Structures are given as structure tokens and as C-alpha cells.
Amino acid sequence: MAQPLLARFPMEGTVSGQHRSPHRGSSVEFAEYRNYVPGDDLRRLDWRVFARSDRFYMKEFEAETNLRCYMVFDSSASMRFSGKHGSKLDYARRMIATLAYLIVHQGDAAGLLSVGEKTVFEIPPRRNPAHLQLILEMLGKVEPIGETGLISALHDLAEKVRRRALVIIFSDFFADPEALLNCFQHLRFQKHDLVVFHLLDRMELDFQFDRPVRFVDLESSFSLVTEPATIRDEYLQQLRAFLGRLKEGCHEFKADYRQVVTDQEYGKVLADFLVERARYAA
């Protein structure tokens, strides 16, 4: 049995998305129909459907407290950077597809927000298999282009999603760290459980170049030809400061920060993530 994805904080009455909630009062929304089985509560029979079809169908509901997951996919141009193990974009695709499958099949709702220069598309959270297929199809169509509009998109998401949710962000986060942290604080202020997957290539971390190289900014027309040895120390110092600030800020706001390198086996990364959250929620 696959390890379920659990929330670290109460989702307005439930700490786990693995259990479907029964019909309780009026704080519910319709989910689906199923055939009547002797012994079922007759109050949940749909008599209108019976009148049309001469068959008994039961209404199934899910409570509004069930876990809803918004997966935010950075599809800006920098995500197409590709080393020996493929692009950051393709790595994120595999992670999102796997998590979406897991979330829907454990009875919870998965949604997807793709963000390039602006919001490319948004699929609201649902929990049925047809919705999962839509997410997978849209993932395959994403093309990385333009500068990142992640900061404004995250603020919009924090304002729009009123009920507590699990928000998982997949990005290389090449933006001002203070502006990013302000977004994370906004999401946490709204009581969302926030997970940050920071995707990086090994070349970006090690900067092991041994001859003059032209560095091209994938999100603009800027390029620079330089001798890597002359800038390596300064680059690594700035990178460490950037990564340290993001990690420190996420810890401060109780966001789950996870640095991921694309040469890591993505299945192992996700398995460790799921196991750790299960321990936290226990």
C-alpha cells in the first residue's frame, strides 16, 4: 500500500486527506452517486433520479473539511535548464503527476496552477479520476517561457483560497528572496499547510566549469562570457546566502522547505517526503 500524503496542520477538522468524510449536517458538497445496497440510509436516496430511471441511487457527499491540495507549477523559462539528468521542468512534472495520482486515489482533491509570466492555467481541486486525467494532460502541454510570475500568483492564491489547504510549490525560485518569503508568510497567515520543493541542477550548485563559458539568462536577453574560475567563489557565496535565507525564512513561517537536486531519484525524494509527514502527523 502506498504511503498516504498527510497534512501537518488541521484542515478545518481533519488532519489527513486519506479518509473520506460521511454526510454530516449541511457543511458538505455532493461528490458522486453509487448503487443502493440493502441497509443504506434511505434518507440519502435520490428520488428524482429514481423517478427518471426507476433505479435506486445513493448520494455520496464529502465534507468541506477534507484535504484539498493546490500544486503550484513554476513554468517560467529558467525551469527548462537541463543538465545531465534532464530539465527541472520535467523533474517537476514527474513529481506533480505522482502526487496528483496519490492524492486523488486516497480520496482527496488535487488541483494544479501553472505559472509562467502570468498564470498559464488553473485546474481547481477535484477528487475524481477524470479530473486526474485532466491534470496529467495539462502537465504534458506546459511549455517553459518568460519571466516568473510566481510572486503575484502566490499572493492571489492566498487571497482566493479561503479554506485551509495543502499548497505545494515546485520551482527554482529565482526571484528576490524577501519577496518570496512574503508570499510564504501570506499563505501561512491564511493557515495553509505550505510545502516548498526547491528544484536545482547539480551544475547550479557546484559551478564546476573549467573554461570560458557564455552564461545566458533564460528569462531575458542578457548573456555574459566569462572565465568561471574568476567568479566561482563570489557566485557560491551569493548562492549559499540565497539558499540559507530561503531555508531560514521557511523555518520561521513553519513552511516545509525541501531542496531537491535533479540528479536525485524522484521516487526516493517523494517517499522520504511522505514518510516524514506521516511521522509528523502521527
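Taking the stated definitions as given, is Ile151 touching a strand residue (DSSP E or B) at 6+ places or on another chain (Cβ under 6 Å) and β-branched (Val, Ile, Thr)? First the steps, then the outcome.
Details: touching a strand residue (DSSP E or B) at 6+ places or on another chain (Cβ under 6 Å): no; β-branched (Val, Ile, Thr): yes.
No: the conditions fail for Ile151.
Would you mind finding the one in Asp263, Asp233 that is of a type in the set (Asp, Glu), in contact (Cβ under 8 Å) with a residue 40 or more places away in the chain and not in a strand (DSSP E or B)?
Values: Asp233 fails: in contact (Cβ under 8 Å) with a residue 40 or more places away in the chain.
Testing whether each residue is of a type in the set (Asp, Glu), in contact (Cβ under 8 Å) with a residue 40 or more places away in the chain and not in a strand (DSSP E or B) leaves just Asp263.
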Query raised in the report: Hey, does the stretch 178-190 have a residue that's of a type in the set (Gly, Ala, Ser), surrounded by fewer than 17 Cβ atoms within 10 Å (Cβ to Cβ) and over 30 Å from Lys160 (Cα atoms)?
Result: no
Query raised in the report: Can you name the condition, by its number, that Ser76 falls short on among (1) buried (at least 22 other Cβ atoms within 10 Å of the Cβ); (2) modelled with pLDDT under 95; (3) within 25 Å of Ala271 (Cα to Cα)?
Result: (3)
Report summary line: Only one of (1) of a type in the set (D, E, K, R); (2) touching a residue at least 40 places away in the same chain (Cβ under 8 Å); (3) surrounded by fewer than 24 Cβ atoms within 10 Å (Cβ to Cβ) does not apply to Asp90, and that is (2)
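Yes/no matrix, rows are residues, columns are (1) loosely packed, with under 15 Cβ neighbours inside 10 Å; (2) at pLDDT 90 or above; (3) among the hydrophobic types (A, V, I, L, M, F, W, C):
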residue	(1), (2), (3)
Leu194	no, yes, yes
Asp206	yes, yes, no
Arg211	yes, no, no
Ala241	yes, yes, yes
Gly244	yes, yes, no
Lys254	yes, yes, no
Arg279	yes, no, no
Query raised in the report: Taking the stretch 218-246 as the region of interest, how many residues are closer than 17 Å to Asp206 by Cβ, of a type in the set (Gly, Ala, Ser) and touching a Phe, Trp or Tyr at 6+ places or on another chain (Cβ under 9 Å)?
Result: 1
Query raised in the report: Just for the stretch 214-240: of the residues that are out of contact with any Asp or Glu (no Cβ under 8 Å at 6 or more places or on another chain) and of a type in the set (S, T, N, Q), which one is farthest from Phe81 (Cα to Cα)?
Result: Thr230
Report summary line: Log entry, pairs with first residue in the stretch 36-63 being under 18 Å from Asn128 (Cβ atoms), second being at pLDDT below 75 and of a type in the set (S, T, N, Q), beta carbons closer than 6 Å, six or more apart or on different chains, reads Glu62/Ser21; Ala63/Ser21
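The values are calculated or read from the model by the stated rules, or taken from the named source; none is laboratory data. What you are looking at is a predicted structure, and each value in this text was computed from that prediction instead of being measured. Using ideal geometry, Cβ is built from the backbone for each residue, glycine included, and neighbour counts are taken over all protein chains shown.
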